[in-house]
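Trainee: Sharing a structure below in structure tokens format, with a few things to ask.
The values are calculated or read from the model by the stated rules, or taken from the named source; none is laboratory data. None of the values given here were measured: they were computed from a predicted structure. Note that each Cβ is placed from the backbone with ideal geometry, even for glycine, and that neighbours are counted across all protein chains shown. These accessible areas exclude ligands, DNA and RNA; they are computed on the full protein's heavy atoms, side chains included. Shrake-Rupley method; radii C 1.70, N 1.55, O 1.52, S 1.80 Å.
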Amino acid sequence: MRGKHLVRLTYSPSSSWSEVLLFEPTGNGEAEPEPNEAHSLKTALKSEISWAGGSNFAGLVLGWRERSGVWLGEFVNLELWSGLFLYADAAHEKGNKAYYPSRIPGSELISFAQKNRDNASLEHYATIGLRYAFESGMDWRLETILQSAGYSTEELGWAAKALASPHPAQLAILFSQSPAVRFSGLDFPSRHYLFSSLRLPNVFNVQDWAIYVRGLESLEDHSSTFFASSENAVGSHGTFLGNIGLSLGDTGGELRGPWEIFATLAYRHAW
């Protein structure tokens with residue numbers, strides 16, 4: 001990541017109320033989320049209030065993006081009782097610049113295009129979750145994710161068919177549209193997900209040994225992926241790192257991936 005050029009103005013009339021204005025005037029060599037898009041000017045105003053010593057907070061975000069228009073967001077975090085939090089984060093905008101697969105009329109070939117670029121209907125992206133923070137430092141989360149702009153089940157099938165096809169004409173289309181095939185411009189491929197994570201610090205009372213377990217399931221085709229990682233400090237300069245991943249579901253499923261199981265073991269040394 002190259003980072004971003006941001007201008008920020010913060011106004012805090014009290015300890016529980018803040019206003020933050022952000023402006024991104026220029027790019028820094030990083031591509032936009034959607035392929036083949038020139039840098040867009042962006043600005044956002046975030047208004048946030050907090051209470052109960054800062055453990056509860058809520059806010060509104062009003063944003064604008066060049067060639068896309070205005071978007072609206074909101075977020076909230078509530079401590080239901082000691083250690084248990086309910087949180088939500090959502091954004092809404094008209095249309096999007098993402099690329100979608102569609103069948104070329106009169107053939108079995110699949111092409112990718114920005115079908116919602118000029119769509120005036122509202123698209124929604126939201127996550128709602130529960131988090132429990134244990135006194136030991138362990139942290140558990142369960143979230144549901146909604147992305148109304150995601151691929152339908154039919155579109156997921158078209159994308160999988162296009163990627164698996166050996167037909168020369170289909171391969172030529174994929175090659176000519178490779179940026180859109182590799183990066184659609186969406187955060188996730190489809191529309192509905194369940195996510196859960198667990199953080200275990202100081203495993204077996206070993207200082208600075210942490211294990212992280214995460215799982216994501218697509219509710220469109222019920223494929224899923226799980227990932228567990230471990231970090232263990234060695235002395236004052238070294239870290240052992242290991243991870244293992246597992247993907248489940250039918251071959252060609254959204255989260256199935258090219259491998260059922262994969263693992264990595266590494267050592268990092270900092271001078």
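Trainee: Quick check: Cα centre of region 131-151 to Cα centre of region 168-244, how many Å?
Mentor: 14
Trainee: Would you mind working out the magnitude of the charge dipole of region 103-162 relative to its Cα centre, with +1 at each Lys and Arg C-beta and -1 at each Asp and Glu C-beta, to the nearest 20 Debye?
Mentor: That gives a dipole near 160 debye.
Trainee: Okay, next question. For the chain, what is the relative contact order in percent, using Cα pairs closer than 8 Å and at least 6 residues apart in sequence?
Mentor: Relative CO of the chain lands at 10 percent.
Trainee: If you place +1 on the Cβ of every Lys and Arg and -1 on the Cβ of every Asp and Glu, how big does the dipole about the Cα centre of region 192-271 come out, in debye to the nearest 20?
Mentor: Details: 4 positive and 8 negative charges, 80 e Å.
Using Cβ point charges on Lys, Arg, Asp and Glu, region 192-271 gives about 380 debye.
Trainee: State log₁₀ I(q)/I(0) for the chain at q = 0.08, 0.13, 0.17 Å⁻¹ as given by the Debye formula over alpha-carbon point scatterers of equal weight, solvent excluded.
Mentor: Values, matching the q order: -0.46, -1.19, -1.44.
Trainee: Give me the net charge for the shell around residue 7: Cβ to Cβ below 15 angstrom, other residues only, Lys and Arg +1, Asp and Glu -1.
Mentor: Net of charged neighbours comes to +2.
Trainee: Going toward the positive end of the dipole of the chain, with +1 on Lys and Arg Cβ and -1 on Asp and Glu Cβ, which of 21, 71, 145 do you reach last?
Mentor: 21
Trainee: State the answer as a single residue: which of 35, 81, 194 lies farthest towards the positive end of the charge dipole of the chain, with beta carbon charges of +1 for Lys and Arg and -1 for Asp and Glu, about the Cα centre.
Mentor: Of the listed residues, the answer is 35.
Trainee: Carbon-plus-sulfur fraction of the accessible area of region 31-166, 1.4 Å probe, in percent?
Mentor: 63
Trainee: Using Stokes-Einstein with the Kirkwood hydrodynamic radius over Cα pairs, what translational diffusion coefficient do you get for region 77-235 at 37 °C and a viscosity of 0.692 mPa s, in µm²/s rounded to a whole number? Let's see the in-between values first.
Mentor: Working: Rh = 18.6 Å.
D = 177 µm²/s.
Trainee: Which log10 I(q)/I(0) values does region 147-271 give at q = 0.18 Å⁻¹ under the Debye formula, counting every alpha carbon as one identical point scatterer?
Mentor: Debye output, listed in q order: -1.00.
Trainee: When ranked by the protection proxy of mean other Cβ atoms within 10 Å per residue, highest first, what sequence do the peptides 25-31, 114-120 form?
Mentor: Answer by packing, highest mean first, reads 114-120, 25-31.
Trainee: Choose one of 185, 126, 172: the residue whose Cα lies farthest towards the positive end of the charge dipole of region 125-216 (beta-carbon charges +1 Lys, Arg; -1 Asp, Glu; about the Cα centre).
Mentor: 172
Trainee: Given charges of +1 on the Cβ of Lys and Arg and -1 on the Cβ of Asp and Glu, with all other atoms neutral, how large is the dipole of the chain about its Cα centre, in debye to the nearest 20? Write out the running numbers ahead of the final one.
Mentor: Working: 21 positive and 29 negative charges, 105 e Å.
Using Cβ point charges on Lys, Arg, Asp and Glu, the chain gives about 500 debye.
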